[in-house]
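Values in this text are rule-based calculations from the coordinates and carry no lab data. On a predicted model such as this, the values are computed, not experimentally measured, just so you know. Cβ atoms come from the backbone with ideal geometry, glycine included; neighbour counts cover every protein chain shown.
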Amino acid sequence: MDLSEGLHTLLSVSLVAALAPMIAGLLPVRVPQVVLLIVGGVLIGPEVLAWAETDTISLLSDVGLGFLFLLAGYELDLQLFNRQPGHRALAAWFITVGIAIAVTGALAATDFVHAFIPVAIGLTTTALGTLLPILRDNGMLRGAFGEHILAAGAVGEFLPVVAIAIFLGTNGQFIGLMSLVFMGLLGLLLAVAPRLAKSGGRLGQIMREGEHATSQTTLRWTVALLLGLLVVADDFGLDVVLGAFLAGAILRRWAPGDVHALEGKLDAIGYGFFIPLFFVSSGMGLDLRSIAEAPERLLVFFVLMLACRGLPALLVYRGVLPMRERVQLMLLTATALPLLVALSEIGLDSGHMLPENAAALVGAGVLSVIAFPALASVIGARGSIDDVAADPETPDGNDGSDAKLSG
């Protein structure tokens, strides 16, 4: 790779990332910064202005994807799955799987799609990592709704990764399953081992003394954990998303010292540089020509994402959340992008997915990020406590306005 070309690309991407919050603040309507980052990537990419090349920053983009899922895994409280939010999230996802299999089977029968499994998995995903900054900015992580969207997002992000590892792994289904077992055991080992350092020994003292000094011990070990699990996942033929998500879940359990300060540092390095870079790069890689040649494919996938992944929320969360919040949950769970990019790459590499379908699937994901969270935010802004009280399906006192998630 030419150094000059890489620097020019990095400068263009950095300018898009820096301008996105400024433009978002100047617009008369609230637009998620993720949308502006993707649109900015399209503009500077090879399809429009050709100021930047995706290949020159592919490694940094992959690290950005890793940070996105690291923070998603860190945000998740695994105890949710011992409670109602986790149970309902699993139920909704398995309903989605059944619908997705039926729909993609019908599409395959009409030769609309050639890659049955990648498309079916794509229709079951939720972009929790992508949604996190939007949910934070709009105060949607509080109370009962916050618990349910975190659980639903985690299920819609983690279980499709497991499905990718088993059904689309480069080494076959059995090896993929064994690799998953190994990653799980490694995760348990890493979750337990660092507690020795937290018990007050010399290593724990060194970690605490250096966490705010120039050595930045906890931050360096966090980055090493992330990259190490990314490497392990990649070496075993698994998607790097699995390693990153696992790293976040582990980090939540053993992060030593000032946990809140570490969260701030991770936000700074992740949302300050690497994560915006990933979204801009995603926009740069969007195949606009294929979408323009077959726009109906994008619209079909866009509608199917809402129908397969979103609509079950209206039924599963009946009696738990008011209609307004169920509609918000429907829109948010149907939002997908990072895993769609991975699935499209897998489908193209295997030769089973049509190029126009790969582009349309990613394009539908981009459109979902643009439309669904914005619409959910508008619905939330128009809601009020009176809406909750007026909905007879909502249990008394279950608006969750005073509850707050740990971590």
Under 17 Å from a label point 7 Å along Cα→Cβ of residue 303: give me every residue in the range 77-101 with its amide N that close.
-> 100
At what distance in nm do the modelled label points of residue 267 and residue 220 sit from each other, each positioned 7 Å from its Cα along Cα→Cβ?
-> 2.5 nm
Can you work out the FRET efficiency for the pair residue 315 and residue 18, with r the C-beta to C-beta distance and R0 = 41 Å, to the nearest 0.05?
-> 0.40
Determine the gain in length on full extension of the stretch residue 231-residue 8; use 0.36 nm per residue of separation and subtract their C-alpha separation, reporting nm with one decimal.
-> 77.5 nm
Mean separation of Cα contacts under 8 Å, 6 or more apart, over the residue count of the range 251-345: relative contact order % = 19 percent
Full-stretch length increase - residue 83, residue 48 - with 0.36 nm per residue and alpha-carbon distance subtracted | 7.8 nm
Find the relative contact order for the range 52-132 and round it to a whole percent, using C-alpha pairs within less than 8 Å whose residues are 6+ positions apart.
-> 32 percent
Highest-first arrangement of 48-56, 120-128, where packing means the average Cβ count within 10 Å = 120-128, 48-56
Want the number for residue 167 to residue 110: 0.36 nm per residue separation, take away the alpha-carbon distance, what's left?
-> 18.2 nm
